[in-house]
Amino acid sequence: MIAVTGATGYTGSLLVRRLLAEGETVRCLVRPETDAGTLEQLGVEVVRGDFEASEGIGGALGGARIVLHLASIRYVRSVLESVDKTIERLVLVSSLRRFSLVPDPTVDEVVAAEALVFESKLPWVLLRPSMIYGPGDDRNISRLATGLRRRRILPIPGQGCYLHQPVYVEDVVAAILAAAAKPGIDHRCYALAGLEPLSYDALVDAVGAAIGVRPFKIHLPLWVVLCGLGAARGMGLRPAVDRAQVLRLQEDKAYSIVEAQTDLAYVPLAFAAGLNRIYGG
């Protein structure tokens, strides 16, 4: 039996369907207030639990041959304490955000959680995806596409030259399944990113081309954007983005995927090919 956390999320829901298609028996940990109707219709065993309250975790993860943890990595302590010591493989999905140099509590959470993983003697594998995109509302590229359709004018903080390496959701799922099955890779970490990095300007242009829109990019001086955010906060407003997000946009996010390619037979899509799957005719 395979236990999954984060099964109602964007990547988790696709992963569960893949597991079922491969004939696996699946148990999912779902928060008490979350609608699990789709999972139940698929024939998945649903166990109610809450990481925040430390309730129901053992009932969901105990007895599982493999545990796939897609919920936030900050909950990893509860996962490590709840899985059986005889578990065959524990796959933990973290984030490449952990390498950001922008001071931010979310980055600190990832770093602290991974430190707990590194101390564990369980047969874990740690996966770090970059920005995930795909069909439907991926909360990343899909929202950029929606915004460009409504108004092709796009303000961009800074020069738009920093690199990004989005990863297609099905490539992430394939890597998770490979990490669960591949022997001899205990205690290894893998970056999961797209085939090659591209600048943010190029990313925007690629999305525009995929949806038939020519974006009009307005590059705003970084200091103007940061001052504007500070002024908005001072007036009690809540801007759509925060200071840390703007600063992370100025970081190169280019990663080596060689180890994943070697160990997990990882073959990610190029960004244009992924967009074509979503928006192509």
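The values are calculated or read from the model by the stated rules, or taken from the named source; none is laboratory data. Quick caveat, the model's predicted, so the values are computed rather than measured. So basically every Cβ, Gly included, is an ideal-geometry build from the backbone, and we count neighbours across all protein chains shown. Side chains are part of the model used for accessible areas, which takes the heavy atoms of the whole protein and leaves out ligands, DNA and RNA. Shrake-Rupley method; radii C 1.70, N 1.55, O 1.52, S 1.80 Å.
Given the residues 206, 210, 232, which is the only one that is at pLDDT below 90 and of a type in the set (Gly, Ala, Ser)?
232
Under the condition of being open to solvent by less than 40 Å² (accessible area, probe 1.4 Å) and of a type in the set (Gly, Ala, Ser), which residue from region 100-123 is nearest to residue 254 (Cα to Cα)?
Per the criteria, the residue is 100.
Can you name every residue in region 126-158 that is outside any loop (DSSP other than H, G, I, E, B) and over 22 Å from residue 8 (Cα atoms)?
Once the filter is applied, which keeps residues that are outside any loop (DSSP other than H, G, I, E, B) and over 22 Å from residue 8 (Cα atoms), region 126-158 yields 144, 145, 146, 147, 148, 149, 150, 153, 154, 155, 156, 157.
Could you tell me which residue of region 166-195 is most open to solvent (accessible area, probe 1.4 Å), considering only residues that are charged (D, E, K, R) and assigned to a helix (DSSP H, G or I)? Before the answer, list the steps.
Quick first cut of region 166-195, residues charged (D, E, K, R) only: 170-171, 182, 186, 188.
Adding the requirement that they be assigned to a helix (DSSP H, G or I) leaves 170-171.
Working: 170: 78, 171: 20 Å².
Result: 170.
With the requirement that a residue be over 14 Å from residue 198 (Cβ atoms), among the hydrophobic types (A, V, I, L, M, F, W, C), part of a helix (DSSP H, G or I) and in contact (Cβ under 8 Å) with a residue 40 or more places away in the chain, what does region 254-280 give you?
260, 264, 278
Which numbered condition trips up residue 251, out of (1) more than 18 Å from residue 154 (Cα to Cα); (2) touching a residue at least 24 places away in the same chain (Cβ under 8 Å); (3) open to solvent by 60 Å² or more (accessible area, probe 1.4 Å)?
For residue 251, the exception is condition (3).
Could you please give the count of residues in region 48-83 that are open to solvent by 30 Å² or more (accessible area, probe 1.4 Å), at pLDDT 95 or above and assigned to a loop (DSSP other than H, G, I, E, B)?
3
What number of residues within region 1-32 are among the charged types (D, E, K, R), outside any helix (DSSP H, G or I) and either out of contact with any strand residue (DSSP E or B) (no Cβ under 9 Å at 6 or more places or on another chain) or open to solvent by less than 10 Å² (accessible area, probe 1.4 Å) (or both)?
First pass over region 1-32, keeping only residues among the charged types (D, E, K, R): 17-18, 22, 24, 27, 31.
When the remaining residues are screened for being outside any helix (DSSP H, G or I), the result is 22, 24, 27, 31.
Okay, now just the ones that are also either out of contact with any strand residue (DSSP E or B) (no Cβ under 9 Å at 6 or more places or on another chain) or open to solvent by less than 10 Å² (accessible area, probe 1.4 Å) (or both), so 22.
Residues meeting the conditions: 1.
Could you check how many residues of region 148-170 are in contact with a strand residue (DSSP E or B) (Cβ under 7 Å, 6 or more places away or on another chain) and at negative phi?
Count: 16.
May I ask you to list pairs of residues, at least six apart or on different chains, whose Cβ atoms are under 6 Å apart, with the first in region 1-17 being within 18 Å of residue 76 (Cα to Cα) and the second being open to solvent by 50 Å² or more (accessible area, probe 1.4 Å) and among the acidic types (Asp, Glu)?
2/24
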